[in-house]
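All remarks here apply to the structure that follows.
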Amino acid sequence: METEDPKDFPGDPDDMQRLWTPHRMVYIQGEGKPEDPSDDAQCPFCSAPSRSDEEALIVHRGELAFVILNLFPYNSGHLMVCPYRHVADYTDLTEAEVLEVADLTRTAMRVVREVSSPGGFNLGMNQGEAGGAGIAAHLHQHVVPRWVGDANFLPIVGRTKALPILLADTREQYAAAWPSGEES
Ligand SMILES: [Zn+2]
């Protein structure tokens, strides 16, 4: 498996751009990156819901949006909240989708807190390729748990090989902790 040279990473450990770099790494390596961004059939966020929760690493399926683990997380437990619809821009979302993405984001924080006890979170959407989105054509809100002292690029590189098992475990824990009721 190809990895990036750590020397190529930006030097400031608190730089926001670096925060999303691992998310982009998988796509830099070409895995799952759509050749034609306008083609829904090539979009990993569109195809994920048709697979099993375990296979696609889906934590929760809502009515209009779903919650999925990032394949190459910056931190353990890096979740993404995505509408089922293949829309790129936040302004493209319907009122109901905005509400559900927000609601799922809030519940995701509660679930991650319960399971993983992070010290904080980074929430956000990268809009457009210039904004740092790996898959710019399909909107996704990042929910990244943070722990004091985690801003070091070495664990990112070192963690790469252990990821598949960690991700399966993490998915199971979060799915089990996800509240069953509609209320959040
Ligand atoms: Zn899509």
query = Taking amide H positions as placed 1.01 Å from N in the peptide plane, with prolines and chain starts having none, which residues 5 or more places from Val59, or on another chain, fall under 5 Å of its amide H?
reply = Val67, Ile68, Leu69
task = Go through 93-100, 47-54, 132-139, 111-118 and give me the packing order, highest mean Cβ count within 10 Å leading.
result = 132-139, 111-118, 93-100, 47-54
request  = Just need log10 I(q)/I(0) for the stretch 110-153 at q = 0.15, 0.19, 0.26, 0.33 Å⁻¹, Debye formula, equal scatterers on the alpha-carbon atoms, no solvent, rounded to two decimals.
outcome  = -0.49, -0.70, -0.89, -1.06
request  = Can you tell me the order of 166-178, 59-71 when each peptide is scored by its average per-residue count of other Cβ atoms within 10 angstrom, highest first?
outcome  = 59-71, 166-178
ask   = If you take the square roots of the eigenvalues of the alpha-carbon gyration tensor of the stretch 75-139 and sort them as a ≥ b ≥ c, do you get rounded (a/c under 1.5), prolate (a/b over b/c) or oblate?
value = oblate
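We did not get these values from a lab; they are worked out from the coordinates using the rules stated. Owing to the predicted nature of the structure, the values given are computational and were not obtained by experimental measurement. Methodologically, a virtual Cβ is constructed for each residue, glycine included, from the backbone with ideal geometry; neighbour enumeration extends over all protein chains shown.
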